[in-house]
Amino acid sequence: MNRSTPKLGIWIAIGIGLFVLASIGALIQYAPTLDLSWIWGDDYYRHITYFSFYQAFFSTVLSVGLAIPVAHALSRRQFKGKGLLLKLFASTLVLPVLVGVFGILAILGNSGLLADLFSLFDRKLPFSIYGLNGILVAHVFFNLPYASRLLLQSLESIPFEQHKLCAHLGMSPWQKLHLVEWPRIRQQLPHVAGLVFMLCFTSFSTVMALGGGPKSTTIELAIYQAIKFDFDLQAGAILALWQMVLCGLLSLTILKFSRTLPASQAHSG
């Protein structure tokens with residue numbers, strides 16, 4: 001390996017660190033008081049903080065919860081088009097958010113395909129795509145395939161010898177899931193759930209397009225509103241620092257949970 005590679009990595013890390021520190025310094029410059037307590041004392045900001053956690057939690061539960069059986073089914077089946085399907089799963093990472101949102105509206109919107117189907121029976125949609133419903137649907141649409149791919153990679157890392165041993169011992173599918181496959185999923189689960197939660201917690205375009213009003217506003221969208229419409233740079237800076245503090249605490253929490261499942265325990269079941 002080239003000896004200059006570690007030095008290059010160190011310089012890149014230093015550059016990223018300086019960029020982050022400069023960004024934080026700029027935020028502090030516009031928020032000289034650094035008083036984050038007023039956010040919790042304000043009813044509106046307390047509501048958007050609660051809603052940010054609320055929608056991110058349920059989006060993560062739905063996305064990762066559904067990704068587990070999807071990844072498990074894909075790991076046990078080989079069929080034509082599986083490679084293409086996995087490539088389509090990866091496309092959600094590069095698909096523009098608004099394109100996906102417009103696609104969801106074209107199917108589940110008030111003038112979408114499902115609404116046209118209901119109109120044939122003189123009925124209206126029993127739900128609205130705007131608000132929490134639309135946010136959850138969009139987050140599941142984008143994050144379910146991604147989480148499935150990550151969990152599938154974890155299942156595919158199981159040594160072939162363990163599959164042969166399960167067959168020799170005559171294990172049932174449930175026994176194999178409990179003793180071999182679930183420990184692998186459990187080991188990866190905190191990382192996948194944490195990543196999806198952070199993506200949903202800091203979501204912007206999805207909430208802006210499908211939020212439907214002040215009741216479905218997140219911290220990310222509140223920062224945009226404070227700067228764009230109110231031109232309140234101090235409020236925007238303090239909200240940005242508030243979001244950074246919360247994300248930092250979430251990262252530490254995820255790290256703590258992930259450490260409770262080291263790789264050496266994943267084989268013990």
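The values are calculated or read from the model by the stated rules, or taken from the named source; none is laboratory data. Note that the structure is a prediction, hence the values are computed from the model and not measured. As a convention, Cβ positions derive from the backbone with ideal geometry for all residues, glycine included, and neighbour counts pool all protein chains shown. What goes into the accessible areas is simple: the full protein's heavy atoms, side chains included, and nothing from ligands, DNA or RNA. Shrake-Rupley method; radii C 1.70, N 1.55, O 1.52, S 1.80 Å.
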Within region 84-171, considering only helices (runs of 4 or more DSSP H) that don't extend past its boundaries, which have at least 3 residues that are surrounded by 15 or more Cβ atoms within 10 Å (Cβ to Cβ) and in contact with a helix residue (DSSP H, G or I) (Cβ under 9 Å, 6 or more places away or on another chain)? 97-108, 132-156
Matching residues, region 115-134, being touching a residue at least 24 places away in the same chain (Cβ under 8 Å) and touching a Phe, Trp or Tyr at 6+ places or on another chain (Cβ under 9 Å): L132
Please determine, by comparing only the residues of region 1-42 that are among the charged types (D, E, K, R) and within 17 Å of D232 (Cβ to Cβ), which one is modelled with the highest pLDDT. D42
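Any chance region 190-200 includes a residue that's of a type outside the set (D, E, K, R) and outside any helix (DSSP H, G or I)? Spell out how you get there, then give the answer.
Just the residues of region 190-200 that are of a type outside the set (D, E, K, R), to begin with: 190-200.
From what is left, the residues that are outside any helix (DSSP H, G or I) are none.
No: region 190-200 contains no residue that is of a type outside the set (D, E, K, R) and outside any helix (DSSP H, G or I).
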Being aliphatic (A, V, I, L, M), touching a residue at least 40 places away in the same chain (Cβ under 8 Å) and open to solvent by less than 30 Å² (accessible area, probe 1.4 Å) is the filter here; which residues of region 222-248 pass it? A222, A237, I238, L239, A240, L241, L246
If I go through region 201-221 residue by residue, how many of them are buried (at least 18 other Cβ atoms within 10 Å of the Cβ) and not in a helix (DSSP H, G or I)? 4
G41 is checked against (1) loosely packed, with under 15 Cβ neighbours inside 10 Å; (2) closer than 27 Å to P190 by Cβ and fails just one. What number does that condition carry? (2)
I need every pair where a residue in region 188-202 that is of a type in the set (S, T, Y) has its Cβ under 7 Å from the Cβ of a residue that is surrounded by 18 or more Cβ atoms within 10 Å (Cβ to Cβ), sequence separation at least 6 or different chains. T202/E220
G109 being touching a residue at least 40 places away in the same chain (Cβ under 8 Å) and over 20 Å from I185 (Cβ atoms): no
